[in-house]
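The next block holds one structure in the form of structure tokens; read it before the comments.
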Amino acid sequence: MRARCRSSGEDYNLVTQNVKESFDVELLESFCSLRLRKDVADVTEGQLIAEIKALLAKVKNDD
């Protein structure tokens with residue numbers, strides 16, 4: 001994404017959104033509470049990304 005922004009001249013910060021902002025507020029609160037056992041304010045972007053990646057790694061593709 002950064003390379004694309006460099007080549008097009010777009011501002012990376014204007015075309016991307018952080019993980020917390022991309023979630024529905026209630027879903028984020030539930031995810032943090034149930035999965036991470038923390039308040040949203042205490043969870044970092046890195047923790048969210050790591051937990052989501054871990055969940056997705058467990059999903060099997062049965063095509």
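Against the numbered list (1) of a type outside the set (A, V, I, L, M, F, W, C); (2) surrounded by 10 or more Cβ atoms within 10 Å (Cβ to Cβ); (3) under 12 Å from the mean Cα position of the chain (by Cα), Gly46 comes up short only at (2). Those helices (runs of 4 or more DSSP H) of the stretch 5-63 in which 2 or more residues are of a type in the set (Lys, Arg) occupy 45-58. Scanning the stretch 18-43 for residues that are within 9 Å of the chain's Cα centre (by Cα) and either of a type in the set (Ser, Thr, Tyr) or at pLDDT 95 or above (or both) returns a single hit, Ser22.
The values are calculated or read from the model by the stated rules, or taken from the named source; none is laboratory data. None of the values given here were measured: they were computed from a predicted structure. A quick note on method: Cβ atoms are made from the backbone with ideal geometry, for glycine too, and the neighbour counts reach across all protein chains shown.
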